[in-house]
1. Could you figure out which of (1) loosely packed, with under 14 Cβ neighbours inside 10 Å; (2) under 21 Å from Arg29 (Cβ atoms); (3) of a type in the set (Ser, Thr, Tyr) isn't true of Thr64?
2. Do we find a residue being surrounded by fewer than 14 Cβ atoms within 10 Å (Cβ to Cβ), in contact with a Leu (Cβ under 7 Å, 6 or more places away or on another chain) and touching a residue at least 24 places away in the same chain (Cβ under 8 Å) anywhere in segment 3-25?
3. Select, from Tyr81, Tyr93, the only residue that is of a type in the set (Ser, Thr, Tyr), at positive phi and out of contact with any strand residue (DSSP E or B) (no Cβ under 6 Å at 6 or more places or on another chain).
4. Does segment 70-78 contain any residue that is of a type outside the set (Val, Ile, Thr), touching a residue at least 24 places away in the same chain (Cβ under 8 Å) and on the phi > 0 side of the Ramachandran plot?
5. Is it fair to say Pro91 is touching a residue at least 60 places away in the same chain (Cβ under 8 Å) and loosely packed, with under 14 Cβ neighbours inside 10 Å?
6. Would you mind listing the helices (runs of 4 or more DSSP H) fully within segment 21-126 where at least 1 residues are at pLDDT below 90?
Amino acid sequence: MANKMPSQPPSVATLQEVIEVHLPYETIRLVEMYALLRKPVYRSKLESDVAEAVDDALLVAFCTHARNLLEFFFRDPDTNYYAAAMDYANPNYEKLDLEKNPNAKTLYKELCAQINHFDLQAHGCR
């Protein structure tokens, strides 16, 4: 089912909530997941199979938050009801352009491939 485009730009209240609540949430969770992945002290307190499941969940969470933040900086305003940095910028702001930034484009593709996809190649099936 295709998403309908919004008929009007987001309200000031919505923009304020995104910048004060949702953007900090994404950033804080990204940093927290990174810290847990870098120093997994929880592993010694868990059964091996549970620790592996937690590792996987943390990796998916890290990649999801990273992807959400990247999308915030390159997305056009009002695209499928998602927040975009351009919603807050002055007219001179240049959004992140994946075509001009091959490192960001590669990172985005890798994040998308890593999470929430049933990809046979990513799992060594081909």
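The values are calculated or read from the model by the stated rules, or taken from the named source; none is laboratory data. Worth saying up front: this structure is predicted, and the values here are computed from it rather than measured. Every residue, glycine among them, receives a Cβ derived from its backbone with ideal geometry; neighbour counts consider all protein chains shown.
1. Of the numbered conditions (1) loosely packed, with under 14 Cβ neighbours inside 10 Å; (2) under 21 Å from Arg29 (Cβ atoms); (3) of a type in the set (Ser, Thr, Tyr), the odd one out for Thr64 is (1).
2. no
3. Matching residue, one of Tyr81, Tyr93: Tyr81.
4. Checked against the condition, which is being of a type outside the set (Val, Ile, Thr), touching a residue at least 24 places away in the same chain (Cβ under 8 Å) and on the phi > 0 side of the Ramachandran plot, segment 70-78 yields at least one hit.
5. no
6. Those helices (runs of 4 or more DSSP H) span 102-114.
Okay, residues lined up against (1) hydroxyl-bearing (Ser, Thr, Tyr); (2) closer than 30 Å to Tyr88 by Cα:
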site: Leu23; (1), (2): no, yes
site: Tyr34; (1), (2): yes, yes
site: Pro40; (1), (2): no, no
site: Glu47; (1), (2): no, no
site: Asp55; (1), (2): no, no
site: Cys63; (1), (2): no, yes
